[in-house]
Amino acid sequence: MIALRFAVTALAATSLLAFATPALADTLVDNVDGVTIDEAGKVKRFTGLVFDEEGKVVTVLARGEARPPVDYRLDGKGRVLIPGMIDAHVHVMDIGFGALTLDLSDTTSLEDALAKIKAFAQDNPGRPWILGRGWNQEKWGLGRFPTAAELDAVVADRPVWLERADNHANWGNTLAITTAGITAKTADPSGGKIIRDAKGAPAGVFVDNAVQLVGKVVPPPRPEDRDLAFAKAQEVLLSKGVTAVADMGTEMADWGTFRRAGDAGRLQVRIMAYADSFETLELVAGPEPTGWLYDDRLRMGGIKLYLDGALGSRGAVLKAPYHDDPGAKGLPLLTPAQLRNLMSRASMDNFQSAVHAIGDGANAEVLAAIEELSESYKGDRRWRIEHAQIIDPADLSRLGKHGMIASMQPLHQTSDRLMAEARLGPDRLDGAYPWRSVMTVGGRLAFGSDAPVEPADPFAGMAAAISRTDAKGEPFGGWFPQETVSREAALAGFTSDAAFAGFAEGRFGRLVPGERADFLLVDRDPLLASPDDIRQTQVIEVWIGGVKVKGD
């Protein structure tokens, strides 16, 4: 975890927004161009929304329908009203820490990154470690991993430790490596890899489970640092209209941060937490999922498991070798037996499993595990596969069975397209980022961003989902356009289906009677706009539980 040493006064100066005073009786938001997903999963349009003193929807009103007597009436001025966006896969605290430390996500070359690192170190002379994230050697066109020596050339007097864009590799300078006691004699851990030079010495990059070899000596953040980072994370999410998230890999310290915010009335975004370990799960939830806390703002109901790494660092487990590295097939992080034991352990206490699987080999393994475990664990399990990026076409039909949910991130496809082509080659792309195929076989999608890996921007995600093009409109016509989804499916993926994936239906995700009045006022209708226009969507107001938390 990124370490910070900010003054406590910085926390006081940060926008830790306490809730505004809620309405004390029924409120009508009238004169709106409303869009929601109804109980049947269909698009419903309306012109008025009534919610009660508990912040729950009472009714939605069609054009021309009589308005009931209410205590408060707000004029929506004809603006578009849609449900609050739900991001089905984020790392909440990493969003905040990433926004407060060195951000390399916009760098376009190694030289650009090194210049930014040098400037950051000079501007922050009091930081004992230079920490940050977002580098991507594929985006730089480097053709290899960066090295410790290259970092040493710009910062040699303090340890530097930088997370790759996909969260599955870190880059350190020599001082960071020697501080951790890593030498040529240090063995690669199971499920991890130390990138080495010609003599076998650590070259600077550590992949997957090897990251902790250095990460364990990085000073941990203080509680006040965590509170500051969480405040920043909420600010980032709300700015994009995200009112609820699934937090993947919640640590015990993260849960404590969320609880402090809840106790102080600063918890605004709804968090469906998936623990990083069984230790955390047991300490927080005990023998069963927690109840919903703070008016449906916080719950721990499952665990995040990692089966493989990422394509960018060649940690994703493939059935056949990488096209651009025939000696590699990925880094399995669990054996088949370990995966089944962990999923079974969660299921015995009715916790949901959310398994990270990116490569076609990893996805085949988790599909097989779900099929086997479904024979023992009946009922509504909602087995989640996180990312499900590369699926062997022969395995696609299996995604429609046993109530599986493919938790996918549309922006990964636009960012990874060229890299995926290089890693897989031209003949193994038919099952890459197969959104429509999942729906065709009867599977269920939940859309997210994996922020901070990608921006927590659901409108950019919707645009990618319906077009398979990036912000520049490339490639023309879309990358494997047969895998696009409809606008309606994209909206559901970021609202009702994302709530369903976290067992939150009936509480939030749809503007229907009885659910929380979480909604946005935006400047355009995402069901009518072009992909480029959807990306430009401006969030005017954000309401959570009938309380305005952003806007004039």
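Just to be sure, is residue 127 out of contact with any helix residue (DSSP H, G or I) (no Cβ under 6 Å at 6 or more places or on another chain) and surrounded by fewer than 13 Cβ atoms within 10 Å (Cβ to Cβ)?
The answer is no for residue 127.
Listed residues 286, 291; which is outside any helix (DSSP H, G or I), over 24 Å from the mean Cα position of the chain (by Cα) and without any contact (Cβ under 8 Å) to a residue 12 or more places away in the chain? Walk me through it before giving the result.
On the way: 291 fails: over 24 Å from the mean Cα position of the chain (by Cα).
None of the others qualify; the one that does is 286.
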Selection over the range 128-183 where residues are more than 26 Å from residue 423 (Cβ to Cβ), not in a loop (DSSP other than H, G, I, E, B) and not aliphatic (A, V, I, L, M) yields a count of 4
Any chance residue 256 is surrounded by fewer than 18 Cβ atoms within 10 Å (Cβ to Cβ) and not in a strand (DSSP E or B): yes
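Okay, residues lined up against (1) touching a helix residue (DSSP H, G or I) at 6+ places or on another chain (Cβ under 7 Å); (2) surrounded by fewer than 17 Cβ atoms within 10 Å (Cβ to Cβ):
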site: 136; (1), (2): no, no
site: 167; (1), (2): no, no
site: 173; (1), (2): yes, no
site: 181; (1), (2): no, yes
Could you count how many residues in the range 499-515 are among the aliphatic types (A, V, I, L, M) and either part of a loop (DSSP other than H, G, I, E, B) or farther than 24 Å from residue 385 by Cβ (or both)? 3
Answer yes or no: is there a residue in the range 298-306 that is under 23 Å from residue 169 (Cα atoms), in contact with a His (Cβ under 7 Å, 6 or more places away or on another chain) and either in a loop (DSSP other than H, G, I, E, B) or of a type in the set (Ser, Thr, Tyr) (or both). yes
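Evaluate the range 63-84: report whether one residue or more is part of a helix (DSSP H, G or I) and either in contact with a Gly (Cβ under 8 Å, 6 or more places away or on another chain) or of a type in the set (A, V, I, L, M) (or both).
No; the residues of the range 63-84 include none that is part of a helix (DSSP H, G or I) and either in contact with a Gly (Cβ under 8 Å, 6 or more places away or on another chain) or of a type in the set (A, V, I, L, M) (or both).
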How many of the residues making up the range 471-494 are in contact with a Phe, Trp or Tyr (Cβ under 9 Å, 6 or more places away or on another chain) and either in a loop (DSSP other than H, G, I, E, B) or closer than 24 Å to residue 237 by Cα (or both)? 9
Taking the range 381-405 as the search range and keeping residues that are among the small types (Gly, Ala, Ser) and in a loop (DSSP other than H, G, I, E, B), which one is farthest from residue 424 (Cα to Cα)? 403
Could you pull out the residue among 87, 157 that is of a type in the set (Asp, Glu), out of contact with any Lys or Arg (no Cβ under 7 Å at 6 or more places or on another chain), under 26 Å from residue 203 (Cβ atoms) and in contact (Cβ under 8 Å) with a residue 12 or more places away in the chain? 157
Subset tally (residues that are more than 11 Å from residue 497 (Cβ to Cβ), among the charged types (D, E, K, R) and in contact with a strand residue (DSSP E or B) (Cβ under 9 Å, 6 or more places away or on another chain)) for the range 440-459: 2
Restricting to the range 97-125, count the residues that are touching a strand residue (DSSP E or B) at 6+ places or on another chain (Cβ under 8 Å) and assigned to a loop (DSSP other than H, G, I, E, B). 6
Hits in the range 372-383 (condition: more than 26 Å from the chain's Cα centre (by Cα) and of a type in the set (D, E, K, R)): 372, 375, 378
(1) closer than 20 Å to residue 381 by Cβ; (2) part of a helix (DSSP H, G or I); (3) in contact with a strand residue (DSSP E or B) (Cβ under 8 Å, 6 or more places away or on another chain): which one isn't true of residue 345, the others all being true? (3)
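Values quoted throughout were computed directly from the atomic coordinates according to the rules given, and no laboratory measurement underlies them. None of the values given here were measured: they were computed from a predicted structure. Glycine gets a Cβ as well: all are built from the backbone with ideal geometry, and neighbour counts include every protein chain shown.
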